[in-house]
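**Q** I'd like to ask some things about the structure below.
The values are calculated or read from the model by the stated rules, or taken from the named source; none is laboratory data. Please read these numbers as outputs of a predicted model, since none were measured by experiment. Positions of Cβ are backbone-derived with ideal geometry, glycine not excepted, and every protein chain shown enters the neighbour counts. Accessible surface areas use protein heavy atoms only, side chains included; no ligands, DNA or RNA. Shrake-Rupley method; radii C 1.70, N 1.55, O 1.52, S 1.80 Å.
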Amino acid sequence: MMKPEIDTLKAWIEQSKRIVFFGGAGVSTESKIPDFRSDTGLYKQKYPYPAETMLSHSFFEKHPEEFYDFYRNVMIYPDAKPNRAHYVLTALEQAGKLTAVVTQNIDGLHQAAGSRNVYELHGSVHRNYCMECGKTYGLDAITGSTGIPRCSCGGIIRPDVVLYEEGLDQDTLDCAVTAIAGADMLIVGGTSLAVYPAAGLIRYYRGNRLVLVNLQPTPYDDRADLCLHASLGETLEAAIGGEY
């Protein structure tokens, strides 16, 4: 990691008052939650069907029992703990620097670390609901069941997550766009910026402090004002130290 880049990141954080963080699966890999597209990611592992198929709306409807077996095995990590990236972002929010976290993750680790203003574009494993009566359930309703989880009314308990073939929640999307459009600094971390429409959100940023932090190159690297191919947690920790 190059010290001039860290010094620039630190200076920009100090000068900014409305920072927004936009993150993807790479934010949680340091918490031992696998990502999707790396060499060891979910999409490179062998399953009866491609992961994208098994996490699709049509597969959920046609093969619910197989969906839940897959979902429990590879999408839920109840023992995962927030890592240093999560805690740095919480510190920046508590210091009045960070106005919002926009995340593609469904693991709830930002909230577990203490972040309050979090927009979960793809939902959360911690929220579940009955498709018949609408009763809400926590994560235990999924992890503590086998086969197809059922509500007391007999309906299927469904995770409040966005599956392939489904649209993002419009209210959440609108809030994310508003936050990004109003930011004076946008830090994008741990995402390949390959999943749309989420990846397209960064085009709403109008400032000149667009920072990309990702281990691998992204299609937006050449548009960034500062680009670091490095660990997100290490980078953020190096930039703010114990200052917040």
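**Q** I want to confirm something. Restricting to segment 42-60 and keeping residues that are closer than 11 Å to VAL74 by Cβ and at pLDDT 65 or above, which single residue is surrounded by the fewest Cβ atoms within 10 Å (Cβ to Cβ)?
**A** Result: TYR47.
**Q** List pairs: first in segment 167-179 and of a type outside the set (D, E, K, R), second open to solvent by 60 Å² or more (accessible area, probe 1.4 Å), Cβ under 6 Å, 6+ apart or cross-chain?
**A** From residues that are of a type outside the set (D, E, K, R), the pairs are VAL177/TYR204.
**Q** Being touching a residue at least 12 places away in the same chain (Cβ under 8 Å) and among the acidic types (Asp, Glu) is the requirement here; does ASP107 meet it? Explain how you work it out, then say what you get.
**A** Numbers: touching a residue at least 12 places away in the same chain (Cβ under 8 Å): yes; among the acidic types (Asp, Glu): yes.
Against the criterion (touching a residue at least 12 places away in the same chain (Cβ under 8 Å) and among the acidic types (Asp, Glu)), ASP107 qualifies.
**Q** What's the total number of residues in segment 172-220 that are on the phi > 0 side of the Ramachandran plot and out of contact with any strand residue (DSSP E or B) (no Cβ under 9 Å at 6 or more places or on another chain)?
**A** 0
**Q** Let me ask you something else. Could you grab me the full set of residues in segment 59-104 that are farther than 28 Å from ILE180 by Cα and among the basic types (Lys, Arg)?
**A** LYS62, ARG72 - these are the residues of segment 59-104 that are farther than 28 Å from ILE180 by Cα and among the basic types (Lys, Arg).
**Q** What's the number of the condition ALA95 fails, among (1) open to solvent by less than 30 Å² (accessible area, probe 1.4 Å); (2) modelled with pLDDT of 95 or more; (3) of a type in the set (A, V, I, L, M, F, W, C)?
**A** The number of the failed condition is (1).
**Q** Taking PHE70 and the conditions (1) touching a strand residue (DSSP E or B) at 6+ places or on another chain (Cβ under 8 Å); (2) assigned to a helix (DSSP H, G or I), which numbered condition does it fall short on, given that it satisfies the others?
**A** That leaves (1) as the condition not met.
**Q** Turning to a different aspect of this structure: So how many residues does segment 170-200 have that are modelled with pLDDT of 95 or more and open to solvent by 40 Å² or more (accessible area, probe 1.4 Å)? It would help to see each step written out before you state the result.
**A** Going residue by residue through segment 170-200, those that are modelled with pLDDT of 95 or more are 170-189.
Now narrow it down to the ones that are open to solvent by 40 Å² or more (accessible area, probe 1.4 Å): 170-171, 174-175, 178, 181.
Adding up the residues that qualify gives 6.
**Q** Additional query: Looking only at segment 208-220, count how many residues are open to solvent by 30 Å² or more (accessible area, probe 1.4 Å) and of a type outside the set (A, V, I, L, M).
**A** First, pick out the residues of segment 208-220 that are open to solvent by 30 Å² or more (accessible area, probe 1.4 Å): 208-209, 215-217, 219.
Next, from what is left, pick out any that are of a type outside the set (A, V, I, L, M): 208-209, 216-217, 219.
The total comes to 5.
**Q** Determine which member of the set GLU52, GLU65, GLU30 is outside any strand (DSSP E or B), touching a residue at least 40 places away in the same chain (Cβ under 8 Å) and in contact with a strand residue (DSSP E or B) (Cβ under 6 Å, 6 or more places away or on another chain).
**A** Details: GLU65 fails: in contact with a strand residue (DSSP E or B) (Cβ under 6 Å, 6 or more places away or on another chain); GLU30 fails: in contact with a strand residue (DSSP E or B) (Cβ under 6 Å, 6 or more places away or on another chain).
GLU52 is the lone residue from the list that is outside any strand (DSSP E or B), touching a residue at least 40 places away in the same chain (Cβ under 8 Å) and in contact with a strand residue (DSSP E or B) (Cβ under 6 Å, 6 or more places away or on another chain).
**Q** Same structure again: Are any of the residues in segment 7-23 open to solvent by less than 20 Å² (accessible area, probe 1.4 Å), modelled with pLDDT under 95 and either farther than 26 Å from SER145 by Cα or in contact with a Leu (Cβ under 9 Å, 6 or more places away or on another chain) (or both)?
**A** No, segment 7-23 has no match at all.
**Q** If I go through segment 61-73 residue by residue, how many of them are under 18 Å from ILE106 (Cβ atoms) and open to solvent by less than 40 Å² (accessible area, probe 1.4 Å)?
**A** Residues of segment 61-73 under 18 Å from ILE106 (Cβ atoms): 67-73.
Still in the running and open to solvent by less than 40 Å² (accessible area, probe 1.4 Å): 67-68, 70-71.
Of the residues in that region, 4 qualify.
**Q** Within segment 148-157, is there a residue that is of a type in the set (D, E, K, R) and within 30 Å of SER16 (Cα to Cα)?
**A** Looking only at segment 148-157, we keep the residues that are of a type in the set (D, E, K, R), and these are 150.
Filter once more, so that each one left must be within 30 Å of SER16 (Cα to Cα): none.
No, segment 148-157 has no match at all.
**Q** Still on this structure: Among TYR119, TYR87, which is without any contact (Cβ under 8 Å) to a residue 60 or more places away in the chain, of a type in the set (Phe, Trp, Tyr) and open to solvent by 20 Å² or more (accessible area, probe 1.4 Å)?
**A** Working: TYR119 fails: without any contact (Cβ under 8 Å) to a residue 60 or more places away in the chain.
Answer to the selection: TYR87.
**Q** Additional query: Output the number of the condition that SER231 fails; it satisfies all remaining conditions of (1) within 30 Å of PHE70 (Cα to Cα); (2) out of contact with any helix residue (DSSP H, G or I) (no Cβ under 8 Å at 6 or more places or on another chain); (3) polar (S, T, N, Q).
**A** (2)
**Q** Those residues that are modelled with pLDDT of 90 or more and β-branched (Val, Ile, Thr), I need them from segment 24-41; list them, please. Show your work before the answer.
**A** Taking segment 24-41 first, the residues modelled with pLDDT of 90 or more are 24-33.
VAL27, THR29, ILE33 - these are the residues of segment 24-41 that are modelled with pLDDT of 90 or more and β-branched (Val, Ile, Thr).
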